[in-house]
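Engineer: Following this message is one structure expressed as structure tokens.
The values are calculated or read from the model by the stated rules, or taken from the named source; none is laboratory data. In this text, all values refer to a predicted model and were calculated from it rather than measured experimentally. Because the Cβ atoms are built from the backbone with ideal geometry, glycine has one as well, and the counts that use them run over all protein chains shown.
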Ligand code: HGY
Ligand code: MN
Ligand code: MN
Ligand code: MN
């Protein structure tokens, strides 16, 4: 089956008619169906499948062992996300394994395809939750207690999916098995469009983090409360959204976004009692905390002015990542000198890069748009990516 064929099989799972695109979140019904699909397809390829203590699924070609060549990505999406972010890496991995099997390749090292849990943080708020738990870069108690918008904890959701939350935590023994990790991913910007190439090797991922700004004031009646008598948290929240763009514009190459803002109780004729907004801030190098500090200052001043309180909580942060130099160079050689590409998008490979030699391959996205239904990859580029991955796996496992 081609990578496009595998993608086609899941094209209707988790469509979101209201937002457009797909909404597939950790352990919810659509993602559960995708997990089942993956397990079924992996078993069909004769792979041995297991779910690890953190809810990541591992499909082994050959007995699990040291120096394994591991590839894979994620199946969860952002709300209203595209069809390729995550699933392209999983479908390409299945297609690459099948292609190597069909040519009679005899791997001298184990090969595994992994599906990581909650990469987008779309349900529980922390991105790369499965790979952070695997590597011990998040406290398991914090992970277990993360709540979704309905108050369901990650532990409860995982338990329903058959994962024992009490066992969540760093998995050194499993990490020890990984000789190389290579993730294929749809590109989420314009790099490959501008380079005019179908595939690239990942070079770096810039630092990025998420902060929650909780403004609290006095909920009240929209008609009976004079303006002078208000402590309306929507005002400092709005001032913060514009401050994010104004302050980030002054920091070279910074990206800062407020994509989610939730007033409570959220009535049209109600002055909100609280407003929560989430900041996604990313600055290459060490600049992210400084930018967030400036934004927090502006937010505090706006809160004071409106007689509101503000609490700022860091929910996640990961520093700059440079992928394994030797692996990058080897990939470049094996793949006929494909270009290298830095990105601002985060990936599980960037979390693993702190523990094992890790790398990435990107496939051209002719729209240059991602985290949106418009995200796309042409079939020819999808196959070029799967072929590149098969070549890399063969070279790494021979
Ligand atoms: O947010 C990111 O950069 C990634 O798509 N999870
Ligand atoms: Mn994404
Ligand atoms: Mn992704
Ligand atoms: Mn070098």
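Engineer: With respect to residue 157, determine if the residue is within 16 Å of ligand 4 (Cβ to nearest atom) and either within 30 Å of residue 378 (Cα to Cα) or out of contact with any strand residue (DSSP E or B) (no Cβ under 9 Å at 6 or more places or on another chain) (or both). Write out each step before concluding.
Structural biologist: Working: within 16 Å of ligand 4 (Cβ to nearest atom): no; either within 30 Å of residue 378 (Cα to Cα) or out of contact with any strand residue (DSSP E or B) (no Cβ under 9 Å at 6 or more places or on another chain) (or both): yes.
Judged against the criteria, residue 157 is not a match.
Engineer: Test of understanding: among 125, 136, which residue is touching a residue at least 12 places away in the same chain (Cβ under 8 Å) and closer than 24 Å to residue 87 by Cα? If you could, list the steps in order and put the result at the bottom.
Structural biologist: Values: 136 fails: closer than 24 Å to residue 87 by Cα.
Unique residue meeting the criteria: 125.
Engineer: Among the residues that make up the range 144-151, is at least one of them more than 17 Å from the chain's Cα centre (by Cα) and in a helix (DSSP H, G or I)?
Structural biologist: Keep residues of the range 144-151 that are more than 17 Å from the chain's Cα centre (by Cα), which gives 144-145, 147, 149-151.
Narrowing the set further to residues that are in a helix (DSSP H, G or I) leaves 144-145.
The answer is yes; a qualifying residue exists.
Engineer: Can you spot a residue in the range 305-324 that is modelled with pLDDT of 95 or more, in contact with a strand residue (DSSP E or B) (Cβ under 7 Å, 6 or more places away or on another chain) and part of a helix (DSSP H, G or I)? Outline the logic, then answer.
Structural biologist: Of the residues in the range 305-324, the ones modelled with pLDDT of 95 or more are 305-324.
Pick out the ones that are also in contact with a strand residue (DSSP E or B) (Cβ under 7 Å, 6 or more places away or on another chain) and you get 308-318, 320-324.
Filter once more, keeping what is part of a helix (DSSP H, G or I): none.
No.
Engineer: Regarding residue 99, is this residue in contact (Cβ under 8 Å) with a residue 40 or more places away in the chain, buried (at least 24 other Cβ atoms within 10 Å of the Cβ) and away from ligand 4 (no atom under 16 Å from the Cβ)? Working first, answer last.
Structural biologist: Details: in contact (Cβ under 8 Å) with a residue 40 or more places away in the chain: yes; buried (at least 24 other Cβ atoms within 10 Å of the Cβ): no; away from ligand 4 (no atom under 16 Å from the Cβ): yes.
In short, no.
Engineer: Kindly establish whether residue 291 is within 30 Å of residue 203 (Cβ to Cβ), in contact with a strand residue (DSSP E or B) (Cβ under 8 Å, 6 or more places away or on another chain) and assigned to a helix (DSSP H, G or I). Quick ask: steps written out before the conclusion?
Structural biologist: On the way: within 30 Å of residue 203 (Cβ to Cβ): yes; in contact with a strand residue (DSSP E or B) (Cβ under 8 Å, 6 or more places away or on another chain): yes; assigned to a helix (DSSP H, G or I): yes.
Answer is yes for this residue.
Engineer: So which of 175, 227, 195 ends up being assigned by TED's automatic domain parsing to the domain that holds residue 258 and surrounded by fewer than 21 Cβ atoms within 10 Å (Cβ to Cβ)?
Structural biologist: On the way: 175 fails: assigned by TED's automatic domain parsing to the domain that holds residue 258; 195 fails: assigned by TED's automatic domain parsing to the domain that holds residue 258.
On inspection, the qualifying residue turns out to be 227.
Engineer: Where residues in the range 346-382 are within 14 Å of ligand 2 (Cβ to nearest atom) and over 22 Å from residue 3 (Cα atoms), which of them is surrounded by the fewest Cβ atoms within 10 Å (Cβ to Cβ)?
Structural biologist: Among residues in the range 346-382 that are within 14 Å of ligand 2 (Cβ to nearest atom) and over 22 Å from residue 3 (Cα atoms), the one surrounded by the fewest Cβ atoms within 10 Å (Cβ to Cβ) is 346.
Engineer: Condition first: within 15 Å of the chain's Cα centre (by Cα) and either under 27 Å from residue 378 (Cα atoms) or surrounded by fewer than 24 Cβ atoms within 10 Å (Cβ to Cβ) (or both). Can you find one or more residues in the range 56-70 that meet it? I'd like the intermediate steps shown before the answer.
Structural biologist: Looking only at the range 56-70, we keep the residues that are within 15 Å of the chain's Cα centre (by Cα), and these are 56.
Right, trim to either under 27 Å from residue 378 (Cα atoms) or surrounded by fewer than 24 Cβ atoms within 10 Å (Cβ to Cβ) (or both) and you get none.
No, the range 56-70 has no match at all.
Engineer: Now a separate question. For residue 362, are the conditions met, namely being within 16 Å of ligand 1 (Cβ to nearest atom) and closer than 16 Å to residue 195 by Cβ? Explain how you work it out, then say what you get.
Structural biologist: Values: within 16 Å of ligand 1 (Cβ to nearest atom): yes; closer than 16 Å to residue 195 by Cβ: yes.
Here the answer is yes, as residue 362 does meet what is asked.
Engineer: Looking at (1) within 16 Å of ligand 4 (Cβ to nearest atom); (2) modelled with pLDDT under 95; (3) within 23 Å of residue 75 (Cα to Cα), can you tell me which one residue 343 breaks?
Structural biologist: (1)
The rows are residues; the columns are (1) outside any strand (DSSP E or B); (2) within 16 Å of ligand 1 (Cβ to nearest atom); (3) in contact with a strand residue (DSSP E or B) (Cβ under 9 Å, 6 or more places away or on another chain); (4) modelled with pLDDT under 95.
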position: 174; (1), (2), (3), (4): yes, no, yes, no
position: 182; (1), (2), (3), (4): no, no, yes, no
position: 189; (1), (2), (3), (4): yes, yes, yes, no
position: 200; (1), (2), (3), (4): no, no, yes, no
position: 213; (1), (2), (3), (4): no, no, yes, no
position: 242; (1), (2), (3), (4): yes, no, no, no
position: 245; (1), (2), (3), (4): yes, no, yes, no
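Engineer: Restricting to the range 5-34, count the residues that are in contact with a helix residue (DSSP H, G or I) (Cβ under 6 Å, 6 or more places away or on another chain) and farther than 19 Å from residue 372 by Cα.
Structural biologist: 2
Engineer: Which of the following residues is modelled with pLDDT of 95 or more and assigned to a helix (DSSP H, G or I): 238, 256, 231? Lay out the reasoning, then the answer.
Structural biologist: Details: 256 fails: assigned to a helix (DSSP H, G or I); 231 fails: assigned to a helix (DSSP H, G or I).
Among 238, 256, 231, only 238 is modelled with pLDDT of 95 or more and assigned to a helix (DSSP H, G or I).
Engineer: Also, I was wondering about something else. If you check residue 81 against the conditions, is it away from ligand 4 (no atom under 16 Å from the Cβ) and in contact with a helix residue (DSSP H, G or I) (Cβ under 9 Å, 6 or more places away or on another chain)?
Structural biologist: No; evaluated as a whole, the condition is false for this residue.
Engineer: So, in the range 336-362, exactly how many residues are assigned to a loop (DSSP other than H, G, I, E, B) and under 26 Å from residue 66 (Cβ atoms)?
Structural biologist: Going residue by residue through the range 336-362, those that are assigned to a loop (DSSP other than H, G, I, E, B) are 336-339, 344-347, 353-357.
Next, only the ones that are under 26 Å from residue 66 (Cβ atoms) stay: 347, 353-357.
Residues that pass the stated criteria total 6.
Engineer: Of the residues that make up the range 60-83, is at least one more than 16 Å from ligand 1 (Cβ to nearest atom), closer than 16 Å to residue 98 by Cα and free of Cβ contacts under 8 Å to residues at least 24 places away in the same chain? Step through it out loud before you land on a result.
Structural biologist: So in the range 60-83, the residues more than 16 Å from ligand 1 (Cβ to nearest atom) come out as 60-71.
From what is left, the residues that are closer than 16 Å to residue 98 by Cα are 60-62, 69-71.
From what's left, free of Cβ contacts under 8 Å to residues at least 24 places away in the same chain: none.
No: zero hits.
Engineer: A further question follows. Out of all the residues in the range 119-143, which are assigned to a helix (DSSP H, G or I) and surrounded by fewer than 22 Cβ atoms within 10 Å (Cβ to Cβ)?
Structural biologist: From the range 119-143, those assigned to a helix (DSSP H, G or I) are 129-135, 140-143; that's our starting set.
Within the range 119-143, 140, 141, 142 meet the criteria.
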